[in-house]
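**Q** The following block contains the structure, expressed as structure tokens.
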Amino acid sequence: MNRLQRILSVVAFVVASLLPAVSHAQLDAAALARAQREGQTTPYGNTGIPGMDNGMGMGMEGDESMEGEGVDSTDVKKKRERKPLESYYFNDTVRALRNWKWTIDSHYNRVNIAPLDTTLADWRIDYVFYRNGVGDMSLGGLGQSTQPVNWFNRRQSPDFTFARSYDAYTARIDNVPFYNGKTPLTNMMYLESGQKRYREEHFELVHSQNITPSTSANVSYKARSTRGLYDWQSTKNHALSVGVAHTGKRYSVHAAYMHNMVDTRENGGVVGEWAVADTTFEMPSGVPMRLANAQAHNHYRNHAFFIKQAYAIPLEHVTEYDFSLADLSAVYFGHQFEYNTWSKVYTDKYATYTNERGHYNEETQKWEPVRDLEYYDHWYIDPEATRDSISERIISNKLFVQVQPWDRDGVVSTIDGGVGLDLHTYSYLRLDDYIKGGMTRDKRTSWYVYGATGGKIKRYADWGADVKYYPSGYRGGDLYINADITLRAFIREHPLILTGRFRQELRSPGYWQENLFSNHYAWFNSFDKESETRFEVNFSVPDIALEVGAWQGVIGDMIYYDTNSQVKQHTGVVSLTSLYARKDFRIAGLHLDHRALVQITSDERVLPVPTLSAFLSYYYEFWVKRDVLRVQIGLDGRFNTAYHAPSYNPALSVFFNQRDVKVGNYPYIDAFVSAKWKRMRILLKFQHLNQGLFGNGEYFQVARYPMNPRMFKLGISWSFYD
């Protein structure tokens, strides 16, 4: 080495040591580019880059300062070799990402890769329950109960049906995220709207950090609340998850703790639609509500924990050149444990309300008040006050095996099988419990077997099938069969994707649909199993933002809540046909996004759905400063045709089929400005811009429950990658 080279090497070393401002992203990008030039794709471990010591990024290319200088090798501290991410869960494309997240499959040894939500794409849609398809129907406030407009998107699990209306907010085993990344990830989000007295607030904090390339830990906390624009409407909704994952070459483990809490005042909805459509109140809090004087209140609490482990035994000799077991024959053995407990406490006191326009007098041709109206028809336990306490616990164990005959991308990629045991405990107060001071506990046991198989043919086809069966015990005879196939064709490397799915289910009714004793509702039913046959076809062209889909469902012996909130079972079958289309047009910076859903039901008294629902978003997106600040300015609009929309029962926490009023034919429009400045996203929004300007004035998605009036929103989301 000549003197000039030696001087340059020393200077380079000093500069690298004194300039920590060089971002991890820059180092990763440079390393990845060099690795690709060397024909390598591995983001961790031996990258093939000269001077890079096992992915730690501390060596320097061409540094020969220790060669031939008489330096004793024992004086050089050897760095501990850092093993790369060798998991069979992730392919090279995923491993090349700087950060990514996934959720686990609750039955099989698989994971579902999900994108990180740090882009500007749907940032303007701040209500999480509006992001899927045409969205959910909502009681109005952030954190309150919702239900998907698309019936085929509604979760049909029989477990603790009282909390199903909070699915958009709760942390569960099927949606708890796990992360992996080359740098720590932190994201903070805060949105607020309305005056301080009526404010809605949305706060999220996510932090993820890798301990090793294969081991990561994360915490996710989400708080949504509203102080209530309407009388007695305040809601607090908190969801916390803490997860740890290790995805090694042979051993993997996922573990998470989840805590959900919902604390909500229940106002029962308006006394009449006239209070919103035909009357102007100085403040929304002046709108008369049916349960405001009763001080009805629901409090939910959930604690859950699960751990899922799998160990791989390769059936072929593994060499040092085999990066992971994904390309080898192998058998995986695993176990999953889950503990999940939910509780609900509903309270109220006896009170009546007045509907100032409850009766129309034909003689005087005027509306007359109707006084002393009661929300509930029955007070079985206490005629003055209610305190209904209900809880449900499930302890689940699964043992499973997965056979990988050839490789994970083979025509038959895996063959799965397992057996599970569930221990159920249902607790509630019956009449004699109030006298004895105890609580009724009903314990039941169910066990099941399940299996699946699937594979792919290169990049042109994926297929899969699975089955789950309960041979005996509680839920004995329940059967779940699913099958799907995805076909891909390419036009100049632009994919065309056709997917078909089939589902056949025979499921037991939920425990609380058959057994309930409370102050306002009591029943002891014996229902037949529900049956459902479902077909789905979906065609999409991602490069031109086109998607069309169709569902056909036939439901036999359907269980529902009737006009009196009594649980009923329909004798016979109900069919539902749904058509969905999405097409986004882009003309330079102009975006014209369209989503539409058509649903046709054979019996709207049993399964009411709107004939047409739509979400339209028109906005202009542009760079204010290239690669620094990008802005969207536009309008979002939601609409559905009029129909007998469900209403909501606070004591039961369920949507029921009312027939008194129709809801719909009202456009709900938001104006927004959203921006991304480097790593920060910013949102300014006028929600319900068209209030009082046009429309029929009946801004309801759920019967009797008005949506929020016009208000201004402000929000930020900031991501950190170091």
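**Q** For MET711, MET137, what ranking results if the residue with the fewest other Cβ atoms within 10 Å of its Cβ goes first?
**A** By the 10 Å Cβ count, ascending: MET711, MET137.
**Q** Taking the beta-carbon count within 10 Å as an exposure proxy, list PHE178, PHE656, PHE281 from fewest neighbours to most.
**A** So the ranking, lowest neighbour count to highest, is PHE281, PHE656, PHE178.
**Q** Taking a point 7 angstrom from the Cα of VAL548 along the C-beta vector, which residues in the range 585-601 have backbone N less than 14 Å away?
**A** 596-598
**Q** Still on this model: Note down the nm distance, to one decimal, between modelled labels 7 Å out along Cα→Cβ at GLN195 and at LYS443.
**A** 5.5 nm
**Q** Right, something else. For the charge dipole of the chain, defined by +1 on Lys and Arg C-beta atoms and -1 on Asp and Glu C-beta atoms about the Cα centroid, which residue among HIS335, PHE178, PHE305 has the Cα displaced farthest towards the positive pole?
**A** PHE178
**Q** How much FRET efficiency would the formula 1/(1 + (r/R0)^6) give for ASN132 and LEU689, where r is the Cβ-Cβ distance and R0 is 25 Å, rounded to 0.05?
**A** 0.60
**Q** Between LEU423 and SER106, what is 0.36 nm times their sequence separation minus the Cα-Cα distance? Round to one decimal in nm.
**A** 112.4 nm
**Q** Where does the charge balance sit around ALA645 when Lys and Arg score +1, Asp and Glu -1, over other residues with C-beta under 14 Å from its C-beta?
**A** 0
**Q** Next question, about the same structure. Does a label point 7 Å from the Cα of ASP322, set along Cα-to-beta-carbon, have any residues of the range 84-98 with amide nitrogen under 19 Å, and which are they?
**A** 84-92
**Q** Where does helix 24-37 land angle-wise versus the long Cα axis of the chain, in degrees 0 to 90, nearest 10?
**A** 60 degrees
**Q** Please report Rg (one decimal) and Dmax (integer) in Å for the Cα set of the range 121-228.
**A** Just the Cα atoms of the range 121-228 yield Rg and Dmax of 16.2, 47 Å.
**Q** Which of the lysines could a cross-linker bridge to LYS398, judged by Cα under 23 Å and excluding same-chain residues fewer than eight apart?
**A** Cα-Cα hits under 23 Å: LYS249, LYS308, LYS443, LYS468.
**Q** Taking only the alpha-carbon atoms of the chain, what semi-axes of the equivalent ellipsoid follow from 5 times the gyration tensor eigenvalues under a square root, in whole Å, largest first?
**A** Working through the eigenvalues yields semi-axes of 51, 32, 25 Å.
**Q** What FRET efficiency would be calculated for the residue pair ALA588, VAL467, taking the C-beta separation as r and a Förster radius of 35 Å, to the nearest 0.05?
**A** Result of the calculation: an efficiency of 0.10.
**Q** Return the Rg/Rh ratio of the range 594-670 with Cα-based radii and a Kirkwood Rh.
**A** Dividing the radius of gyration by the Kirkwood radius yields 1.21.
**Q** If neighbour count is taken as other Cβ atoms inside 10 Å, put ASP136, ASP603, ASP722 in order from fewest to most.
**A** ASP722, ASP603, ASP136
**Q** First measure r as the distance between the Cβ atoms of TYR360 and ILE435, then evaluate 1/(1 + (r/R0)^6) with R0 = 45 Å and state the FRET efficiency to the nearest 0.05.
**A** Computed FRET efficiency for TYR360 and ILE435 comes out at 0.45.
**Q** Tell me, what ³J(HN,Hα) does each residue in the range 448-464 have, in order and in whole Hz, if you take phi through Karplus 6.51 cos²θ - 1.76 cosθ + 1.60 with θ = phi - 60° and put x for Gly and Pro?
**A** Each residue of the range 448-464 in turn: 8, 10, 8, x, 7, 8, x, x, 8, 10, 6, 9, 9, 7, 10, 9, x Hz.
**Q** Note down the nm distance, to one decimal, between modelled labels 7 Å out along Cα→Cβ at HIS303 and at SER526.
**A** 3.7 nm
**Q** Once both axes come from the Cα atoms, what is the angle between helix 3-18 and the longest principal axis of the chain, in degrees from 0 to 90, rounded to 10?
**A** 20 degrees
**Q** Right, something else. Taking the Cα centroid of the range 107-171 and of the range 696-722, what is the distance between the two, rounded to the nearest whole Å?
**A** One Cα centre to the other: 15 Å.
Read-outs throughout are calculated quantities, based only on the coordinates presented, and are distinct from any laboratory measurement. None of the values given here were measured: they were computed from a predicted structure. Here Cβ is always computed from backbone atoms with ideal geometry, including for glycine, and neighbour counts include all displayed protein chains.
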